[in-house]
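All remarks here apply to the structure that follows.
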Amino acid sequence: MSRMPHITFHSKPQPSFNKNFDLLIRAMHDWQASGYEVYICSDNPKQLERLASIFKELKADVAWLPVETAIQEGFIDEDLKIVCLTDHQIFQRYHQYRLRQGFTKDQALSVRMLRELQAGDFVTHIDHGIGKYAGLQKIEIGGQVQEAVRLIYKNNDILYVSIHSLHKIAKYIGKEGEPPQLSKIGSDSWKQLKARTKKKIKDIAVELIRLYAKRRASEGFAFSPDGYLQNELEASFIYEDTPDQFKSTNEVKADMEKPYPMDRLVCGDVGFGKTEVAIRAAFKAVTDGKQVAVLVPTTILALQHWKTFSERLKDFPVTVDYINRFRTAKEKKSISENLQAGKIDIVIGTHALLGKEVKFKDLGLLIVDEEQKFGVASKEKLRALAVNVDTLTLTATPIPRTLQFSLMAARDLSVIRTPPPNRQPIHTEVHTFDPDFIQEAIYKELNRGGQVFFVHNRVSDLHNMADMIVGLCPDARVAAAHGQLESDKLEQVLVDFIDKKFDILVCTNIIETGLDIPNANTILINRADMFGLSDLHQLRGRVGRSNVKAYCYLLSAPFSVLTPEARKRLRTIEEFSDLGSGFQVAMRDLDIRGAGNLLGGEQSGFIADIGFETYQKILDEAIQELKETEFKEIFKDELAQKGAYVRDVIIETDVDMLIPDEYVSNTQERLNLYTELDTLETEEQISDYAQRMQDRFGKLPKEVFALFEALRLRWMCKQLGFERLILKGGKLRCYFLSDPQSSFFETDLFNNMVQFVATKGRIMGITMKQTNKELIFIQDEIRSVQAAKRTLEQLLPLATPKNN
């Protein structure tokens, strides 16, 4: 038997630099001098950019080549004379293995409502009111076949909604158990209801936008762009940023660099990395010589945040301290003096931070964690503190008022929906109170080496409940905790539980905010029907903070004795157990409480009459109208953007446009495809959609390509100020905005189009006519969607900034 050849590799592993860039640069110079080529590998292009800017700031004259691929470990090959370094070893980060990405829920959640439409469901059409959905139907227009959604109204009147106008209909969500009244087509009652709703919304929105305008006009501090230290801090994060985390960080930093004060809400599910976004913002403020206040609702959270911030910033010249009721009077006095002298950069605390005795030398950023936990009085003090100070609010489930405010564009909103890698959804179940089930659930967790929370929100009989748990699980170590314990005792119990000295913690909802115990992965919540939706979501977020499967059991009285709202809350929390569902929970909370009563009690009636989604659409319309009229000076930059004047475009054609039955036979599937098509906004999205259709159903028929062209026409109309496009009988008619008062008619774009028709109209067969207060752009001999598109393409250059 011949011997195997012996191959010798002259290689070494990547040296450890302990994040010391001087060492790294020195080593790179030595390798260069010895004739080695240096490569740095990372699959994150942003990380390579950060490295380049760090080298540039340090004036390091080093030659290296970026490689946009991740490898597990760096190495030096002495034969080939190459050095391969990895970014994650340079920065001592975890190397993230590439996992196959599951289907993202971002769009699925927005399409879900229509997807659930069954024949007989109530829907709201924004122009015609409430009707019943009766499926898809083929209709003939000018000898050509198209497909439309069939809606039935009062007196069995039928309305066909074009597949280009699916965004005008929404599934009706109002008060559960009360069927709405069908609207009558052609009557004024729906228009009047819409007008009344819009007026009420405007009255409230005017106040909100005034606040927004005041903030825009007030003088803030414009922070400097990122420097070398900021890049180093972000690159040293031991996990890889999720896409949403990266986007949120950039949005926050961009706001801080603006001359007016920031007011941004970062909504991210529990454990999705909001704290890291806050740390980066705080550090950016500190590097510009400003102080940062981090306001948290509980004493324990102040302590945990202090540990997190201190650990994360230990390699940087930053002083972090905290104030809570566990600190002595002497410590508090010393902290207050140091703050005033500017010796503390970041202070973390409960509402004690809002006291008169706490004064800052130069406060530049206020971070508020879990805003919904603060009372009205605390929020008023906050407003006074933060008039000219940048404010960043973090929340896992924004309370509806906060959410409504953000949706109304009076506050900026960033959403972190992407879970960290390897994180699993929390399995959620509703049960009636049953000792046998409780015992089984606890032992299931203890047997896999975990810990258990048992939440019972009444201090008076908390110890009785703890005794019952001891009786069910005699071999387990049980502790009890509630907010009325002396502060040092409470802290000791929680610290012991974190240190695994107890297996089960029987407690009130004191654990609700921010307690981070990765080993506790089962939570039982007694009388869950007595908690609010946001509280339940927060409590559930105490488990599932590692890659271990977590369980949440909601124990309630029998469903038959619960109020409809309580039943709905429990169903919601059970339904939205997916990762990143906090935003969805808040949306449903808006719904359950009847959204409107947050803006004034009289509004709740409107939501029941109109349905929640349509209320939201009217709200958006009202805000847009205010931006175009009363507040057009403040929003002029936004309005100048392409298509800002036209919100919706109606397309009517007599061209064959549908998904043929023989191509997709299932009616529900065709509706889903039409609905998704109606939401597309870019060429990339069309291309992706077409590819997916082809993968599933085969080669695309020509009628589907016509649908794509109609969508492109809609985009172009928005840019050019057309509200309606009719292509019938070989004639193209485009209708300008119907509101003659719109500031669109004062723009350069409109004047350029009038000039274009005057100079080239006769050659191209184009005219402009005024009829019944409508201004129409007309072209003859246009017999296809493609020809209409070619005409509009000639007009598009008029909408570019050069001409505008």
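Each reported figure results from applying straightforward, stated rules to the coordinates on display, with no laboratory input. None of these values were measured; they are calculated from a predicted model. Here Cβ is always computed from backbone atoms with ideal geometry, including for glycine, and neighbour counts include all displayed protein chains.
Distance from the C-alpha centroid of the stretch 334-366 to that of the stretch 649-695: 57 Å, rounded to the whole angstrom.
Taking amide H atoms as placed 1.01 Å from N in the peptide plane, the amide H of Ala520 lies under 5 Å from those of Gln451, each 5 or more residues away in sequence or on another chain.
Residue pairs exceeding 23 angstrom between C-alpha atoms, taken from Lys138/Lys617; Lys138/Lys728; Lys19/Lys46; Lys202/Lys258; Lys171/Lys699; Lys284/Lys359: Lys138/Lys617; Lys202/Lys258; Lys171/Lys699. Restricting the stretch 688-758 to trypsin sites (Lys or Arg not before Pro) that sit in a DSSP loop and have at most 12 other Cβ atoms within 10 Å of their own Cβ leaves Lys699. Close amide-amide hydrogen proximity is noted between Phe223 and Glu257, Lys258, each under 5 Å apart and 5 or more residues distant or on a separate chain (H modeled in the peptide plane; Pro and chain starts excluded). In terms of its C-alpha gyration tensor, the stretch 230-298 comes out rounded, because the ratio a/c of the largest to the smallest axis stays below 1.5. Averaging over all projection directions, find the projected area of the Cα convex hull of the stretch 236-358 and quote it in nm² with one decimal place. Mean shadow area of the hull around the Cα atoms is 8.2 nm². Short-range pairs are left out: with C-alpha atoms under 8 Å and at least six residues apart, the relative contact order of the stretch 671-804 is 25 percent. Beyond 32 Å in Cα-Cα separation lie the following of the pairs Lys56/Lys627; Lys314/Lys444; Lys59/Lys290; Lys168/Lys731: Lys56/Lys627; Lys314/Lys444. When only Cα pairs below 8 angstrom with a gap of at least 6 residues are kept, the stretch 411-482 shows a relative contact order of 23 percent.
So how do 439-445, 246-252 stack up, highest first, on mean other-Cβ count within 10 Å? The partial results should precede the final answer.
Working: 439-445: 17.3, 246-252: 19.7.
The most tightly packed comes first, giving 246-252, 439-445.
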